[in-house]
There are 4 protein chains.
Amino acid sequence: MSIGRKSWAIAEGYLPPGTENLGHAFRSHEAACLLNPNDQPAHVKITIFFADRDPAGPYSITVPARRTSHMRFDDLKDPEPIPRATDYSSVIESDVPIVVQHTRLDSRRAELALLSTIAFPGPE
Amino acid sequence: MSIGRKSWAIAEGYLPPGTENLGHAFRSHEAACLLNPNDQPAHVKITIFFADRDPAGPYSITVPARRTSHMRFDDLKDPEPIPRATDYSSVIESDVPIVVQHTRLDSRRAELALLSTIAFPGPE
Amino acid sequence: MSIGRKSWAIAEGYLPPGTENLGHAFRSHEAACLLNPNDQPAHVKITIFFADRDPAGPYSITVPARRTSHMRFDDLKDPEPIPRATDYSSVIESDVPIVVQHTRLDSRRAELALLSTIAFPGPE
Amino acid sequence: MSIGRKSWAIAEGYLPPGTENLGHAFRSHEAACLLNPNDQPAHVKITIFFADRDPAGPYSITVPARRTSHMRFDDLKDPEPIPRATDYSSVIESDVPIVVQHTRLDSRRAELALLSTIAFPGPE
């Protein structure tokens, strides 16, 4: 299937602090859902931008052919973890067209809050 | 009215578990809202992508001329239901231009959480 | 300022029932925020599509030059109100380029749930 | 990295009233997250449109090279603050391509509600 772009940007980024003891599913987190509809693997590089320091990364992920990967930003460790309670943005680049959607779950209060948006696609 | 595209992708997909006893309206669910503004019916095929197995589908839906269909992913049964608590993505293809919007209602806690985004449109 | 499109679609539409006594601000509702950045007024026509009946409308709104209008779907009365607890979609057409964003506030439970997305733009 | 546009619009805008005593992080607010992936600074001008008065601004912000700025609308003071409980829209213009995402946190009730969407991009 030929749908997707090779570059994407997510301007919003924030890992809410203080929910580390809730377990992986309910801990406040942000995710970039990466769909690779192609018949070959997608080699993906992620760069993280901050307000007051140089960018971090690139972080490398491979999404196999015809698979999806729901990548959580708080799981990124190499070359360095993303600090909590810090504004960031991300640029996602792939060697084949993919589709990227951004989601945040905020569990700082007793109830959940959710947001999601398709990321901004780069040129075709 | 000539608005829409013939292919769409939703990278985010997740049916939260544990709310099956809340009834159809308040059970946690995801929906793809499909608008067919054309004067002929839209024959729609949906393919579901997973993290660790081959894609499922296609699921077939017909949206009549000048009608909308709010399709819930937890209502898809043929060729197979989508498992809960599993990450997925979807690609939606139609023989006439349609408009697709993605929505999730999460009722795992006492209060509701909502997300929505226009899906990613394929080429014109 | 030259930003915007002359046609837009919102595939998702649903006015949650049962909160009519909460007052206008907290009653569950959906809105289409219409920005007219032009130096002339925007004459806007809205068509509402349903799952099982012919479309309603057009509803007519004028957004003055260099003004915004946060139009609530539950305020539309002419030619007919939109029923609650009913799936719908909308197509919004203007004689000058505008920008349209979709928002829903759900107050069926004690806490608020929000969703928002830029609508799908038609051709340039 | 060459991703982004020089103009963006956010049609939805509303600063919920009544949470001023919750502190800066949990006070109800809207933000425009501005990513500048370029090697030179982005000089950004923001114009605010209202329902019933002339636009306010421009507000000026500089986003340094390869940095992100999560700009809160309730922090804008010059030439005038944006009133609470008032509908508005915004147009964001930059001299180099940037990426803009819109987020609102609503803390009027005990729990949080969130919304987010990539803003509407102007022409390439």
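The values are calculated or read from the model by the stated rules, or taken from the named source; none is laboratory data. Every value quoted in this text rests on a predicted model; they were computed, and no experiment measured them. We place every Cβ from the backbone using ideal geometry, glycine too, and count neighbours over all the protein chains shown.
Just for the stretch A:7-20: of the residues that are more than 10 Å from every other protein chain (Cβ to nearest Cβ) and over 13 Å from the mean Cα position of the chain (by Cα), which one is modelled with the highest pLDDT?
By that ranking, first place goes to A:18.
So residue B:23 clears everything in (1) in contact with a Pro (Cβ under 8 Å, 6 or more places away or on another chain); (2) surrounded by fewer than 17 Cβ atoms within 10 Å (Cβ to Cβ); (3) of a type in the set (Gly, Ala, Ser); (4) at positive phi except one condition, right? Which one?
(1)
When you scan the stretch B:42-124 for strands (runs of 3 or more DSSP E) that lie fully inside it, which ones turn up with 3 or more residues that are under 24 Å from residue B:24 (Cα atoms) and at pLDDT below 95?
On the way: elements: B:42-50, B:56-63, B:67-72, B:88-106, B:113-118.
Result: B:67-72, B:88-106, B:113-118.
Is it true that some residue in the stretch D:76-90 is crowded, with 22+ Cβ neighbours inside 10 Å and either at the interface with chain A (Cβ under 10 Å from one of its Cβ atoms) or under 17 Å from residue A:12 (Cβ atoms) (or both)?
Looking through the stretch D:76-90, at least one residue is crowded, with 22+ Cβ neighbours inside 10 Å and either at the interface with chain A (Cβ under 10 Å from one of its Cβ atoms) or under 17 Å from residue A:12 (Cβ atoms) (or both).
Could you please find all residues in the stretch C:52-71 being in contact with a Lys or Arg (Cβ under 9 Å, 6 or more places away or on another chain) and surrounded by 15 or more Cβ atoms within 10 Å (Cβ to Cβ)? Write out each step before concluding.
Taking the stretch C:52-71 as the starting set, the residues that turn out to be in contact with a Lys or Arg (Cβ under 9 Å, 6 or more places away or on another chain) are C:52-55, C:57-61, C:67.
Answer for the stretch C:52-71, where residues must be in contact with a Lys or Arg (Cβ under 9 Å, 6 or more places away or on another chain) and surrounded by 15 or more Cβ atoms within 10 Å (Cβ to Cβ): C:55, C:57, C:58, C:59, C:61, C:67.
Taking the stretch C:21-41 on its own, how many of its residues are modelled with pLDDT of 95 or more and of a type in the set (S, T, N, Q)?
Qualifying residue count for the region: 3.
Give me the pairs, please: first residue somewhere in the stretch D:41-56 and closer than 17 Å to residue D:4 by Cα and more than 9 Å from chain C (Cβ to nearest Cβ), second residue anywhere and of a type in the set (Ser, Thr, Tyr) and surrounded by 18 or more Cβ atoms within 10 Å (Cβ to Cβ), beta-carbon distance under 8 Å, and either six or more positions apart or on two chains.
If the second residue must be of a type in the set (Ser, Thr, Tyr) and surrounded by 18 or more Cβ atoms within 10 Å (Cβ to Cβ), the pairs left are D:42/D:94; D:43/D:94; D:44/D:94; D:45/D:59; D:45/D:94; D:46/D:59; D:46/D:90.
Facing another protein chain (nearest Cβ under 8 Å), more than 17 Å from residue B:6 (Cα to Cα) and either buried (at least 23 other Cβ atoms within 10 Å of the Cβ) or touching a residue at least 60 places away in the same chain (Cβ under 8 Å) (or both): does that describe residue B:103?
So residue B:103 fits the description; yes.
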